[in-house]
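Enquirer: There's a structure below that I have some questions on.
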Amino acid sequence: MKVLNGKISGGYKFKQFKGQPSPKLSVMELPKNLFVPTGKIDSGIKPLVRSGDTVTMGQIIWKDDSSISSPVHSPVNGTVESIKKQDSPNGQISVVKISSTNSDKFEKVPGFTTEWKKLSNKELEQLVYLSGTGSLGSGGIPTEFKTSVINPLEVEHIIVHATDAEVYNPDISLFLKDEGAAKFTEGLSILSKIMDKASVHIAMSENTNTWFQVIDNTVSDNLAISYHKTKSKYPQNHDSVLVKTVLNLDIPAGYKGINKGVVILGIQDVCQVYEAVVEGKPLIERIVALAGPVFNDNFHIKLKIGTSVSDLSAGKLVLEDKEDIRFITNSILTGETINYDSCIEKNCEVLIALEEKRGQDLLFFAKPGFKKDSYSNTFLAKIIPFKKDINTNLNGEHRACLSCGFCQNVCPAGILPNVLFPYVERDRLDETAVQYGIFKCIDCNLCTYVCTAKIPIAEYLKEGKKKLIKDTYVKEEDFITSYKLIGMNVEGGTN
Ligand code: SF4
Ligand code: SF4
């Protein structure tokens with residue numbers, strides 16, 4: 001087994017934060033009600049169920065054959081209580097509220113089999129589609145059934161990663177220990193059969209790469225895997241950085257691996273493909289890490305998709321008033337802030353709870369402050385291994401740039417954020433900002449995090465890019481042509 005050492009330009013290693021999830025796994029008791037997000041209202045596709053209908057666990061309750069999407073299943077046996085509109089980052093969606101009855105029986109995905117090697121690729125792709133697992137990963141799993149913006153023949157590489165780049169990361173031992181590694185590698189073989197022109201890569205950090213040997217011992221002889229040991233630095237997990245490290249390919253900012261023929265998945269995603277194809281289990285559950293100092297215990301929990309944050313966090317928080325808590329999914333720096341009434345969606349792997357600290361320097365954008373961590377050696381926590389605290393307060397105000405250069409040092413895109421942001425701040429945007437590489441910025445927010453003067457650099461750059469495109473200094477077609485991007489202009493966007 002050969003292991004390649006992956007490099008990252010810039011980046012930052014988050015260490016010793018309070019609230020790390022332990023490898024303990026518990027199964028959540030069935031909540032009384034589930035809130036299942038389905039498709040966008042403006043697609044015109046309505047849920048397949050109505051209020052009062054009885055549904056079975058695993059029954060398809062929403063699907064859209066005309067655009068890029070995957071079916072949505074009822075995560076429980078029960079009754080549809082209501083169907084309501086809800087705002088989401090992608091627009092208004094329909095949410096199906098289902099009251100649950102306590103039964104474990106579920107509707108299996110038709111056609112599942114342990115003898116999947118005998119199935120044609122189309123039959124395998126249909127299993128992935130029908131199970132809903134085609135929607136996993138950063139751009140979906142390509143099948144003939146419009147689960148992604150590209151088709152399986154266009155996929156050149158599959159990358160599965162556990163890069164440990166975030167402040168809080170899921171514990172992959174939960175998926176790979178005991179029988180897990182064999183299921184994972186069989187899941188990889190299934191994916192490799194579907195995308196039979198693709199090479200398979202596994203990227204793991206300095207902390208997790210001990211699993212390489214376990215995987216290599218269980219993988220089928222027919223499947224060649226390239227192993228890549230990566231630095232556990234943020235933002236190694238972002239599509240463009242990962243693809244650069246593993247494949248030395250460039251993806252312009254704002255585009256995904258899928259637009260370059262690269263399918264990017266997590267360990268849990270691959271295990272869920274195995275469960276769908278071999279065991280007939282639709283995508284109705286996730287294992288989610290409960291992270292951050294506001295949970296009274298940090299561990300992993302298996303829950304139904306559609307579980308509300310309020311049900312999930314009941315009795316597990318150290319603060320009583322929900323106004324004092326901010327919930328963020330997956331990433332402290334780029335994750336989505338969700339409220340108490342939101343539900344856990346299929347792409348959630350980590351739920352972070354932070355104290356909402358108010359004061360005159362309350363955050364004015366959606367990223368948290370870190371109480372004692374610092375890129376400089378300002379705090380003792382840098383040299384003594386105390387656990388670092390974290391809340392939503394920046395602990396300081398925006399000042400003038402101190403020319404410390406920290407933002408340049410960490411920027412994974414190799415640009416000069418401190419030179420670029422004043423073009424936006426002073427409203428002097430023109431092609432000079434393009435020449436200085438503003439479009440290489442991948443919106444990772446790391447420059448903002450390390451900035452000594454607490455300048456929201458990344459926000460300025462994001463705004464600048466939007467304005468430059470609006471004022472046609474740059475056209476989207478230029479990126480598509482020069483980077484040879486694929487899967488563009490497909491109805492429905494990425495999954
Ligand atoms: S300039 Fe962009 S890519 Fe560089 S650190 Fe800031 S947000 Fe990340
Ligand atoms: S990190 Fe902030 S203060 Fe330091 S050079 Fe960059 S913009 Fe200026």
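Enquirer: So for the chain, taking the charge dipole from beta-carbon charges (+1 Lys/Arg, -1 Asp/Glu), which of Asn391, Asn217, Leu34 sits furthest toward the positive end?
Expert: Result: Asn391.
Enquirer: Which links in Lys24/Lys454; Lys24/Lys63; Lys15/Lys357 stretch past 25 Å when you go from one Cα to the other?
Expert: Over 25 Å Cα-Cα: Lys24/Lys454; Lys24/Lys63.
Enquirer: For every other residue with a beta carbon closer than 12 angstrom to the beta carbon of Pro142, add +1 if it is Lys or Arg and -1 if Asp or Glu, then tell me the sum.
Expert: In short, -3.
Enquirer: Measure nothing but the geometry: give the 0 to 90° angle between the long axis through the Cα atoms of 267-279 and the longest principal axis through the Cα atoms of the chain, rounded to 10°.
Expert: Orientation of helix 267-279: about 10 degrees from the principal axis.
Enquirer: When ranked by the protection proxy of mean other Cβ atoms within 10 Å per residue, highest first, what sequence do the peptides 88-100, 451-463 form?
Expert: So the peptides 88-100, 451-463, ranked by packing, come out 451-463, 88-100.
Enquirer: Round to the nearest 0.05 the FRET efficiency obtained for Ser482 and Leu48 when R0 = 60 Å and r is the Cβ-Cβ distance.
Expert: Once rounded, the FRET efficiency stands at 0.90.
Enquirer: Suppose the Debye formula is applied to equal point scatterers at every Cα of segment 380-477; what is log10 I(q)/I(0) at q = 0.12, 0.17, 0.20 Å⁻¹?
Expert: -0.43, -0.77, -0.99
Enquirer: Just check segment 47-148 against the gyration tensor rule for me: Cα atoms, a ≥ b ≥ c as the square roots of the eigenvalues, rounded for a/c under 1.5, and otherwise prolate or oblate depending on whether a/b exceeds b/c.
Expert: oblate
Enquirer: Could you calculate the FRET efficiency of Ser67 with Lys32 from 1/(1 + (r/R0)^6), where r is the beta carbon distance between them and R0 is 41 Å, rounded to 0.05?
Expert: So the FRET efficiency works out to roughly 0.80.
Enquirer: Which FRET efficiency, nearest 0.05, do Thr472 and Lys7 yield, Cβ-Cβ r, R0 35 Å?
Expert: Efficiency for this residue pair is about 0.45.
Enquirer: Which entries in the list Lys229/Lys260; Lys118/Lys183; Lys2/Lys108 go over 29 Å, if you measure between the two C-alpha atoms of each?
Expert: With Cα atoms farther than 29 Å apart: Lys2/Lys108.
Enquirer: Please report the orientation-averaged projected area of segment 263-343, defined via the convex hull of its C-alpha atoms, in nm².
Expert: That works out to 6.4 nm², a quarter of the Cα hull's surface.
Enquirer: I've got another one for you. Where a Cα-Cα gap under 12 Å defines reach, which aspartates and glutamates qualify for Lys304, not counting those fewer than 8 residues away within the same chain?
Expert: Within the straight-line cut-off, Lys304 pairs with Glu29, Asp104, Glu285, Glu345.
Enquirer: How many Å³ per residue does the convex hull of the Cα positions in segment 156-280 occupy?
Expert: Convex hull volume per residue, Cα atoms: 106 Å³.
Enquirer: Send over the Kirkwood Rh of segment 31-101, from the inverse of the averaged 1/r over different Cα pairs, rounded to one decimal Å.
Expert: 12.1 Å
Enquirer: Determine, for Val200, Val246, the number of other Cβ atoms within 10 Å of each Cβ, and report the residues in order from fewest to most.
Expert: Ranking Val200, Val246 by Cβ neighbours within 10 Å, fewest first, gives Val200, Val246.
Enquirer: Please give the length that would be gained between Thr56 and Lys24 if that part of the chain were fully extended, namely 0.36 nm times their separation in residues minus their C-alpha to C-alpha distance (nm, one decimal).
Expert: Length gained, Thr56 through Lys24: 8.5 nm.
Enquirer: How large is log10 I(q)/I(0) at q = 0.11, 0.12 Å⁻¹ when the Debye formula is applied to the Cα atoms of the chain, each weighted equally and without solvent?
Expert: -0.98, -1.18
Enquirer: Rounded, prolate or oblate for segment 88-144? Axes are the square roots of the Cα gyration tensor eigenvalues, ordered a ≥ b ≥ c, and the cut-off for rounded is a/c under 1.5.
Expert: oblate
Enquirer: Let me have the relative contact order for the chain, percent, based on Cα pairs under 8 Å that are six or more residues apart.
Expert: 18 percent
Enquirer: From a point 7 Å beyond the Cα of Lys15 in the direction of its Cβ, which residues of segment 395-439 have a backbone N at a distance under 18 Å?
Expert: Only 410 fall inside the zone, counting backbone N under 18 Å.
Enquirer: Now for a different question. What's the exposure ranking of Cys444, Cys401, Cys271, going from fewest to most Cβ atoms within 10 Å?
Expert: Cys401, Cys271, Cys444
Enquirer: Could you point to the residue in Gly315, Val80, Asn296 farthest towards the positive end of the chain's charge dipole, with +1 and -1 charges on the Cβ of Lys/Arg and Asp/Glu respectively?
Expert: Towards the positive end, the residue furthest out is Asn296.
Enquirer: Cα to Cα, under 18 Å, and not fewer than 8 places away if on the same chain: which aspartates and glutamates meet these conditions relative to Lys465?
Expert: By straight Cα distance, Lys465 reaches Glu425, Asp427, Asp430, Glu431, Asp443, Glu476, Glu477, Asp478.
Enquirer: Mind giving me the nanometre distance, one decimal, between the label points for Lys85 and Asp221, set 7 Å out from Cα along Cα→Cβ?
Expert: In this crude spin-label approximation the distance works out to 6.1 nm.
Enquirer: Sticking with this structure for a sec: By residue number, which cysteines of the chain lack any other Cys whose Cβ falls under 4.7 Å from their Cβ?
Expert: Cys271, Cys343, Cys348, Cys401, Cys404, Cys411, Cys441, Cys444, Cys451
Enquirer: Something else: From Cα coordinates alone, what are the radius of gyration and Dmax values for segment 163-213 in angstrom?
Expert: Cα radius of gyration and Dmax of segment 163-213 are 12.5, 35 Å respectively.
No value in this document is a laboratory result; all are computed from the given coordinates. Keep in mind it's a predicted model, so treat the numbers as computed, not measured. Please note: Cβ atoms are built from the backbone with ideal geometry, for glycine as well, and neighbour counts cover all protein chains shown.
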